[in-house]
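These notes concern the structure reproduced below.
The values are calculated or read from the model by the stated rules, or taken from the named source; none is laboratory data. Computed from a predicted model, the values in this text were never measured in an experiment. Don't worry about glycine lacking a Cβ; one is built from the backbone with ideal geometry, like all the others, and counts go over all protein chains shown.
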Amino acid sequence: MRCPYCSCEETQVKDSRPTEENAAIRRRRVCPDCGGRFTTFERVQLRELTVLKRSGRKVPFDRDKLSKSVAVALRKRPIETERIDRMVSGIVRQLESSGETEIPSSTIGAYVMDGLRALDSVAYVRFASVYRDFSEAADFQEVLGEIARDDVTGAALPVAKKL
C-alpha cells in the first residue's frame, strides 16, 4: 500500500480488525519513511460495476460516492453510522448480486430511496427532491402525502422495482 503522504511503496500494518459485520477489514498503517499514519479498508468485490448515467455516459461504480450522497440526505439526522453503513452495504450487495455489470443510475437511486424510506422520512424527502427533480412546492406535498398515507396504513412505499 502506497503512503498517501510521501508515496513510499512500503507501509506497515499496525492494527487490523473487522468492521461492518465482518464485511470489511479496517487496517491502521504507518509509513516507515515519513511516519505518517492512515487507515485503509478492504472489502470483497464480487464484480466490477458500471453505472449508466441518464446522459448515456458510463462511469465506474463508486461506493464512496454512494455513501456521500446518502450522508448528504442524512445530514443532521439522528441516525447511527452503523445503520447507514449497513444500508449502503445492502445496496452494494443488491447491485453486485443482480448479475448485471451495467446498472442504470435510476436503479441505484431507487434502491437508495427504499433504504432511506425505511431509515428516516426526512432524509427520504431530501433525497427524493433531488432524485425526482422537484420543481415546485406541490412536489414536496405529494411525497409528504405518500408518507402520511403509508404511516396510517402501515404499508411500505414501493419505490424500486427489484432487479
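Couple of notes before you dig in:
- Some residue of the stretch 30-45 being surrounded by 10 or more Cβ atoms within 10 Å (Cβ to Cβ) and in contact with a helix residue (DSSP H, G or I) (Cβ under 6 Å, 6 or more places away or on another chain): no
Condition check ((1) of a type in the set (Lys, Arg); (2) over 18 Å from Val112 (Cα atoms)) across all residues:
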position: Tyr5; (1), (2): no, yes
position: Asp15; (1), (2): no, yes
position: Thr50; (1), (2): no, no
position: Arg63; (1), (2): yes, no
position: Leu74; (1), (2): no, no
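- Only one of Ser55, Ser7, Ser106 that is within 16 Å of the chain's Cα centre (by Cα) and among the hydroxyl-bearing types (Ser, Thr, Tyr): Ser106
- Segments classed as strands (runs of 3 or more DSSP E), wholly inside the stretch 8-52, with at least 1 members that are not assigned by TED's automatic domain parsing to the domain that holds Ile103: 12-19, 24-30, 37-43
- Residues in the stretch 25-43 include none that are of a type outside the set (Phe, Trp, Tyr) and in contact (Cβ under 8 Å) with a residue 40 or more places away in the chain.
- Candidate set from the stretch 122-163 (those that are basic (Lys, Arg) and within 30 Å of Ser98 (Cα to Cα)); member that is modelled with the highest pLDDT: Arg126
- Any hit, the stretch 129-146, residues being under 30 Å from Glu42 (Cβ atoms) and either outside the structural domain of Phe61 (by TED's automatic domain parsing) or part of a helix (DSSP H, G or I) (or both): no
- Hey, Lys58 in contact with a Ser or Thr (Cβ under 9 Å, 6 or more places away or on another chain), modelled with pLDDT of 90 or more and exposed (fewer than 11 other Cβ atoms within 10 Å of the Cβ) or not: yes
- Qualifying residue in the stretch 115-125 (condition: crowded, with 19+ Cβ neighbours inside 10 Å, under 13 Å from the mean Cα position of the chain (by Cα) and among the acidic types (Asp, Glu)): no
- Residue check, Ser97 modelled with pLDDT under 90 and within 30 Å of Pro18 (Cβ to Cβ): yes
- Which listed residue is among the hydroxyl-bearing types (Ser, Thr, Tyr) and without any contact (Cβ under 8 Å) to a residue 24 or more places away in the chain, from Ser121, Ser67, Ser105, Ser89: Ser67
- Among residues of the stretch 67-100 being basic (Lys, Arg) and in a helix (DSSP H, G or I), the one that is surrounded by the most Cβ atoms within 10 Å (Cβ to Cβ) is Arg86.
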